[in-house]
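Here's the structure, in structure tokens; my notes come after.
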Amino acid sequence: MPYPAGHRSAVRKRIIHSARGLFNLHGFEAVSIQKIMARAGLTHGGFYSYFESKSDLYAEVLSCFFTDPTWKNNWKGVVIDKSKNLGPQVVRAYLSRQHFEDVENSCPMVALPTDVSRSGKSAKAAFENVFSAMVDLLNRSSRKKGTAGSTEAKAIAALCIGGMVVARAIEDRDIADDLRTACMSVALELGGWAEANAPRARKSTKPSTRYTM
């Protein structure tokens, strides 16, 4: 009996979703194809009808909301309103407490850069594609145009990604939070969004419907 329309696409997305969470939590080398397929509720043998290798899948995992409109951040309380200027929203979301704490659902550019640096051309090209898409979004949202806007967009993207990578590597939570706060402040200033209408980030121990520190 033939599978219904869309079955193959749905299964492929399940494998990618499973791999993204496992890679974010454990890294590329520590995760086997068997673990990926088991988490997706599928058999090991079925993997190769969708991907040629784990490295091939790895390149697919390196997507984010900058390149995949169906990607869900799953960061509770973080909402991005596409009808408003995306630049400051992306900065606040990326450096939010929710993103910091939700390792499994991280943007892969935060969780996987060291793996990418040791990987082949396909993974590096995928990482570059996502980073370039982030820079393009920030550049289009910037109040500065031309070379100045492009340069600052690259710096803002690097502050967001690098700031989160370093914050997660720090044991002292207060220092990590201060680092994210500093990166967010400088990134918003660079983009000309320091006085944006979006609510200012703040420390809070209560559930929030907006970005929190």
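Multiply the residue gap between residue 145 and residue 43 by 0.36 nm, knock off their C-alpha separation, and tell me the result in nm, one decimal place.
Numbers: separation 102, 0.36 × 102 = 36.72 nm, distance 5.08 nm.
Length gained, residue 145 through residue 43: 31.6 nm.
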Options (1) 1.08; (2) 1.40; (3) 1.19 for Cα Rg over 2.2 N^0.38 Å; the value derived from the coordinates is listed as (1)
In degrees, nearest 10, the alpha-carbon axis of helix 7-26 is tilted away from the dominant principal axis of the alpha carbons of the chain by 60 degrees
In degrees rounded to 10, the 0-90 angle between helix 121-141 Cα long axis and the longest Cα principal axis of the chain is 30 degrees
Label point distance in nm, residue 74-residue 54, each placed 7 Å from Cα along Cα→Cβ:
2.0 nm
Calculated FRET efficiency, residue 32 and residue 155, Cβ-Cβ r, R0 30 Å, to nearest 0.05?
0.20
With angles folded into 0 to 90 degrees, how steeply does helix 173-191 sit against the dominant principal axis of the chain? Use alpha carbons for both and round to 10.
70 degrees
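Count the net charge of all other residues whose Cβ sits under 15 Å from the Cβ of residue 152, scoring Lys and Arg as +1 and Asp and Glu as -1. Walk me through the numbers before you get to the answer.
Values: positive: 140, 143, 144, 145, 154; negative: 136, 189.
Summing Lys/Arg as +1 and Asp/Glu as -1 gives +3.
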Under 18 Å between alpha carbons - lysine pairs in the chain that sit 8 or more apart or on different chains:
13
Compute the relative contact order of the chain as a whole-number percentage, counting only Cα pairs closer than 8 Å that sit 6 or more residues apart in sequence.
23 percent
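Laboratory data are not the source of any read-out in this text; all were calculated from the coordinates shown. Worth saying up front: this structure is predicted, and the values here are computed from it rather than measured. Virtual Cβ from ideal backbone geometry, glycine too; neighbours counted across all protein chains shown.
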